[in-house]
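Chemist: Structure provided below as structure tokens; questions to follow.
The values are calculated or read from the model by the stated rules, or taken from the named source; none is laboratory data. Keep in mind that what you see is a predicted model, and the values were worked out from it rather than measured. For neighbour counting, all protein chains shown are included, and Cβ atoms are generated from backbone atoms with ideal geometry for every residue, glycine included.
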Amino acid sequence: MYTEKVMDHFSNPRNVGEIENADGAGQVGNPSCGDIMKITLKVEDNIIKDIKFKTFGCGAAVATSSMVTEMAMGKTIEEALQITNKSVAEALEGLPPAKMHCSNLAADALKAAIEDYLKKQNA
């Protein structure tokens, strides 16, 4: 059902936690399945220097959260905004069709955190 990569990110999630005094924070949820993801990030010179997640949800939700933080770390804001729902699922070598909505949450949470960061920069 799940790929080895999904199981690895679920069993050994990367970047778990929450950054205090984060430069940006985003939280999204899916009422139909109950998954909730929060991503916080630190940005220096337009580059994501640190990123953490907290996820309440199924194994696929944890795995996609972990993967999206790995994909975004070290990227510029513009590069991180290019991370899509599809690219998260592809990086995990696929998700079962019933779990595809979980990858949508990971990319959405990342975008919400970046939008929060950008809004704070323009304030």
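Chemist: Taking the range 11-33 on its own, how many of its residues are polar (S, T, N, Q) and under 18 Å from residue 104 (Cβ atoms)?
Modeler: Pass one, the range 11-33, residues polar (S, T, N, Q): 11-12, 15, 21, 27, 30, 32.
Still in the list and also under 18 Å from residue 104 (Cβ atoms): 27, 30, 32.
Going through the range 11-33 one residue at a time, the tally reaches 3.
Chemist: Kindly list the number of the only condition in (1) assigned to a loop (DSSP other than H, G, I, E, B); (2) of a type outside the set (Phe, Trp, Tyr); (3) in contact with a strand residue (DSSP E or B) (Cβ under 8 Å, 6 or more places away or on another chain) that fails for residue 33.
Modeler: Going through (1) assigned to a loop (DSSP other than H, G, I, E, B); (2) of a type outside the set (Phe, Trp, Tyr); (3) in contact with a strand residue (DSSP E or B) (Cβ under 8 Å, 6 or more places away or on another chain) one by one, residue 33 breaks only (3).
Chemist: Regarding the range 110-123, can at least one residue be identified that is among the basic types (Lys, Arg) and free of Cβ contacts under 8 Å to residues at least 60 places away in the same chain? Write out each step before concluding.
Modeler: Just the residues of the range 110-123 that are among the basic types (Lys, Arg), to begin with: 111, 119-120.
If we keep only those that are free of Cβ contacts under 8 Å to residues at least 60 places away in the same chain too, we end up with 119.
Looking for residues that are among the basic types (Lys, Arg) and free of Cβ contacts under 8 Å to residues at least 60 places away in the same chain, one finds at least one in the range 110-123, hence yes.
Listed here are the residues, each with its yes/no results for (1) more than 17 Å from residue 15 (Cα to Cα); (2) within 12 Å of the chain's Cα centre (by Cα).
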site	(1), (2)
37	no, yes
48	no, no
52	no, yes
69	no, yes
89	yes, yes
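Chemist: Find the residue count for the range 13-30, including only residues that are touching a Ser or Thr at 6+ places or on another chain (Cβ under 8 Å) and not in a strand (DSSP E or B).
Modeler: Going through the range 13-30 one residue at a time, the tally reaches 6.
Chemist: Still on this structure: Return yes or no: is residue 84 modelled with pLDDT under 95 and either hydroxyl-bearing (Ser, Thr, Tyr) or touching a Phe, Trp or Tyr at 6+ places or on another chain (Cβ under 7 Å) (or both)? Break it down stepwise before answering.
Modeler: Values: modelled with pLDDT under 95: yes; either hydroxyl-bearing (Ser, Thr, Tyr) or touching a Phe, Trp or Tyr at 6+ places or on another chain (Cβ under 7 Å) (or both): yes.
Here the answer is yes, as residue 84 does meet what is asked.
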